1. If I take R0 = 35 Å and measure r between the Cβ atoms of D127 and A56 in this structure, what FRET efficiency does the formula 1/(1 + (r/R0)^6) give, to the nearest 0.05?
2. What do you get when you divide the Cα radius of gyration of the stretch 169-247 by 2.2 N^0.38 Å, with N the number of residues?
3. For K282, which lysines qualify as cross-link partners when the Cα separation must be under 19 Å and same-chain residues fewer than eight apart are set aside?
4. So for the pair S243, R258, with labels modelled 7 Å out along Cα→Cβ, what separation do we get in nm?
5. Quick check: the distance between the Cα centres of the stretch 128-154 and the stretch 57-89, to the nearest angstrom?
6. Rounded to two decimals, what is Rg over Rh for the stretch 197-296 when you use alpha-carbon atoms and the Kirkwood radius?
7. Heavy atoms only, probe 1.4 angstrom, no DNA, RNA or ligands counted: give me R295, R165 ranked by accessible area, highest first.
8. In whole percent, and with a 1.4 Å probe on the protein chains, what portion of the accessible area of the stretch 7-294 is carbon and sulfur?
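The values are calculated or read from the model by the stated rules, or taken from the named source; none is laboratory data. Computed from a prediction, not measured in an experiment: that's the story for all the values here. Positions of Cβ are backbone-derived with ideal geometry, glycine not excepted, and every protein chain shown enters the neighbour counts. These area figures cover heavy atoms from the full protein model, side chains too; ligands, DNA and RNA do not enter into them. Shrake-Rupley method; radii C 1.70, N 1.55, O 1.52, S 1.80 Å.
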Amino acid sequence: MPDTPFYLDSQPVYFGGFKREYADADFALFGVPFDCTSSYRPGSRFGPDAIREASANIETWSWRTGIDFEDLKVHDLGNVAVVYGDAAETIRRVADTIEDINSTRKVPVMLGGEHLVTLGSAKAIKDCTFVSFDAHFDLRDEYLSNKLSHACVMRRVMEEEGKERIILCGVRATFGEEVRWVKENGIRYMTSRDLLREGAGSSSLWLKERLKNAEKIYISIDMDVIDPAYAPGVGNPEPEGISPTLLLDILGEVIDGRVVGFDLVEVAPHYDNGRTAILASKMIFEICTMIKQARH
Ligand code: MN
Ligand code: MN
C-alpha cells in the first residue's frame, strides 16, 4: 500500500482546467466575488467559481476562430479579496489588480461578481472606449441613494472616460427619465430589438463605425444581455434578449487588436441548473480566441 492515498486531488479548479506560468501568459484571468449592491436577486459572488467549474468540464475548440482555448497562455490568478459592504475599497482592489496585469502587458479577463466591478477597470484603463452589452443602461446617477451601485456603473465609467467613450448594446430595460437623459446626452446605444432586427452583419458594422477612432477598447458583458431562456442565472433577468450566437457573431466582427481587456459579470449560478455558468465559460473561451487571433 502506498503511504500517500493517490486518489485524492486537492488541486483548486483553474479556469479551463489548466494554468500557465504567469510570466509566460498572454491572458490574466481573475474573479471578483462581490454582489453587495444587488437589488433583486443576489448571488453573483458565486459566479467566478461556478464559471471555473463549468469551464473545466466543457470542450475548448472554437469553430469561429479555428483556435483551441487550451493552446492559449492563460493564467488564473484566483479571486480578488473583496470587502463585503465596502464597494469603494473593492473597486480600488480591482483597479490595482488590472493595473498590475497591464503593467506586465497581459490581457485582463475579469469574472464578476456584480456589474459594479467594471468601474475598477475604468479606473485602471484610461482613454479607453467601454462597450457594454447589457439589458440595462446602468446610467442612473444613484440608485437607492447609492452612487456605487450596479445600476449606476456605466454612469461612473462615463465619468472616468467621457460620454463619447461609452457604447451600450442590447438595452431593453429602462425607464422614461433614463431614456430622456440618454437622448439629451447623445449616448450611443443599440437596443436588443435593434440588434435582433439588424442581425450580426449590420449591428457589427454600426459598432465598428462608432469605434473607428477608439485607441483602446474594453468589452463588458453583463450576462443579462442574453435572453433568460439561455441565461436564467442572473441577478436581473429581462425577457426579449439576444441569443449567445448573435452576441458572439457580433464580437467576432468587432474584436481587433485594440481590445485591451474584457469582463463577464452578473452570473448568479443558484438560479438555474448550471447552464448560465456553462454558457459564460463558453463565451469566455470564444472571446479569448478572438482576441488571440486579432493580436497575431
Ligand atoms: Mn449591468
Ligand atoms: Mn443588466
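1. On the way: r = 36 Å, r/R0 = 1.03.
Using R0 = 35 Å, I get an efficiency of 0.45.
2. Working: Rg = 13.4 Å, N = 79, 2.2 N^0.38 = 11.6 Å.
Normalised Rg, Cα atoms only: 1.15.
3. Reachable lysines: K19, K73, K292.
4. 3.0 nm
5. The distance from the Cα centre of the stretch 128-154 to that of the stretch 57-89 comes to 23 Å.
6. Values: Rg = 13.9 Å, Rh = 14.2 Å.
Looking at the stretch 197-296, the ratio lands at 0.98.
7. Details: R295 120, R165 60 Å².
Correct descending sequence by accessible area is R295, R165.
8. Details: 5670 of 12030 Å².
So the carbon and sulfur contribution to the accessible surface is 47 percent.
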